[in-house]
Amino acid sequence: MFSFEEARQRVLERIAPLAAQERLAVKGALGRILAEDVRAPLDIPPLPNSARDGYALRGADLASSGSIYLRLVAEVPAGQYCATEINAGEAARIFTGAPLPPGADTVVMQEYVQHRDDVVEVPAGAVKAYDNVRPRGEDVHVGDVVLERGTFIRPQEMGILASLGLTSVWVHTRPRVAVISTGNEVVEAGEARGPAQIFDSNRYSLIGLLETLGVEAVDFGIIRDERDELRQAFLSASAQTHAILTSGGVSVGAYDLVRDVLNEVGVIDFWRVKMRPGGPQAYGRIGPAYFFGLPGNPVSAMVVFLEIVRPALWRLMGRQEWQPTRFHARLRETIRKRPGLMEFQRGILTYAEHGWEVTTTGPQGSGILRSMVKGNCLIFLAEERGDYERGEAVWVEPFPI
Ligand code: AMP
Ligand code: MG
């Protein structure tokens, strides 16, 4: 049996990023992963320009005491290039974003000066040489690698791509991931439910999680605990998708057939992890498709997805080294725990006077999906540790939004 860290490492090591790429409009690239290094074809800003509304002047003209008087020789609105040279004793009216005229290297804010006819009075101390000027290339230098291959495209990446004048980029194609629920007791919401049956929640949570990652989820429905039906579903999913996500049927019961069938139509790598919730899992492949067999309990399925499957899918998507946000929070209660399993309890994180604090959501049974609903984070409790005391610092990881 692997520790949680070993299991995650092992799953990650066996994943190769998808090679397929497509060219997308920058406007449609949110949440995708860049498949190329993006180099700057120009400087940003392209010319030194004013950060303020005011007056452009020569820093060398500024006096250490007393006002100076400068003659206005030009006016430069944003978007216009002014070729008039600013000589000693001269200034230009200038507005935010307008390029500095030749000779000028400093902008004094309009609030600090007196302007009469074509003369501005700049009092001593109103400005220092080079103030309020955004140098050429301050943000980006031509030739810089502005974004590296493997970058996750957030709104700011869309903005910077557009600022470089680019309208389209190469991105990795989105993996298609099959989602399969298993179990004779599981029925689809909206359909007739027998007295001993439950509605399927896992496919809904898992499809939601896949969509937060920007993966294309392919719904393969609910499959009964029958070898033939499982075999058929697995083979058909492996022919149509890059990865298969199942829930249920990976434990040691007589009807837990997922591992058996995986072994028959593909290869199983390992199936047990020293973690709670979610000990029994099944990893392997069917042909070229990766197989992630999640536990059936609704909380276990989500936790294992977040902590093992999610990093694996990021890797499949071509995303560079990626760590979820984790930080320390102070426990507001004592947590009972036995050494031997890494635990992921659901917590409620709040910001208090002295920093982050966390409580558990209450009962932590792996079938209590309301612990995920009430909670906003996972609390990490180390495998080798026993009880955690109130007041101790613990690692927490906020849920994805
Ligand atoms: P299993 O590992 O298949 O024995 O499932 C463990 C527990 O999770 C059982 O109580 C199942 O009824 C429950 N379960 C399995 N699949 C689902 C599902 N798709 N939605 C909700 N609960 C499930
Ligand atoms: Mg089952």
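Every number in this text was worked out from the coordinates using simple rules, so none of it is lab data. It should be emphasised that the depicted structure is a prediction, and the values quoted were computed from it without experimental measurement. Neighbour counts run over all protein chains shown; Cβ positions are idealised from the backbone, glycine included.
Side notes on the structure shown:
- Highest GNM mean-square fluctuation among GLU229, GLU191, GLU90, for the chain modelled with Cα contacts below 10 Å: GLU191.
- Among the GluC sites (Glu not before Pro) in region 328-390, those located in a DSSP loop and surrounded by at most 10 other Cβ atoms within 10 Å of their own Cβ are GLU353, GLU384, GLU389.
- Altogether, the Stokes-Einstein calculation at 37 °C and 0.692 mPa s, with the Kirkwood radius of region 265-401 over Cα pairs as Rh, returns a diffusion coefficient of 206 µm²/s.
- For the chain, the Cβ-based charge dipole about the Cα centre amounts to some 920 debye (Lys, Arg positive; Asp, Glu negative; other atoms uncharged).
- Equivalent ellipsoid dimensions for region 33-101 as semi-axes, Å, which come from the Cα gyration tensor, largest first: 33, 13, 10
- Bridge orientation summary for the chain: considering DSSP beta bridges with both residues in this region, about 65 percent are antiparallel.
- Helical runs assigned H by DSSP (4 residues or longer) give the chain a calculated mean residue ellipticity at 222 nm of -5000 deg cm²/dmol, each run adding -39500 (n - 2.57) before division by the residue total.
- Note on region 157-278: antiparallel DSSP beta bridges, both residues inside, total approximately 0 percent of the bridges counted.
- Computed over region 65-160, the P(r) tail beyond 20 angstrom holds 48 percent of alpha carbon pairs.
- Sorted largest first, the principal axis extents computed over the alpha-carbon atoms of region 177-219 equal 37, 15, 12 Å.
- Three-way shape call for region 232-342 based on the alpha-carbon gyration tensor, with the a/c threshold at 1.5: oblate
- For region 106-253, the fraction of alpha-carbon pairs in successive 5 Å shells from zero, as %: 2, 7, 11, 11, 9, 7, 6, 7, 6, 6, 5, 4, 4, 4, 4, 4, 2, 1, 0
- Set of aspartates and glutamates near LYS337 by C-alpha distance (under 17 Å), chain-local residues within fewer than 8 positions excluded: GLU383, GLU384, ASP387, GLU389, GLU392
- Part-to-part distance (alpha-carbon centres) for region 111-183 and region 280-323, which is given in Å: 35 Å
- Theoretical gain in end-to-end length, ILE15 to ARG385 [0.36 nm per residue, Cα-Cα removed]: 130.1 nm
- Pair-distance profile P(r), taking every C-alpha pair of region 191-257, with 5 angstrom steps and integer %: 3, 14, 22, 24, 22, 11, 4, 0
- Shape of region 123-195, Cα gyration tensor, a/c cut at 1.5: prolate
- Beta bridges per DSSP with both ends in region 52-203, % antiparallel, nearest 5: 65 percent
- Rg/Rg_globular for the chain, with Rg_globular taken as 2.2 N^0.38 Å and Rg from C-alpha atoms: 1.41
- Most to least packed among 242-251, 361-370 [average Cβ atoms within 10 Å]: 242-251, 361-370
- Three principal axis lengths of region 1-147 [C-alpha, angstrom, descending]: 82, 35, 22
- Magnitude of the charge dipole for region 12-74, about its Cα centre and with charges confined to Cβ atoms of Lys, Arg (+1) and Asp, Glu (-1), is about 160 debye.
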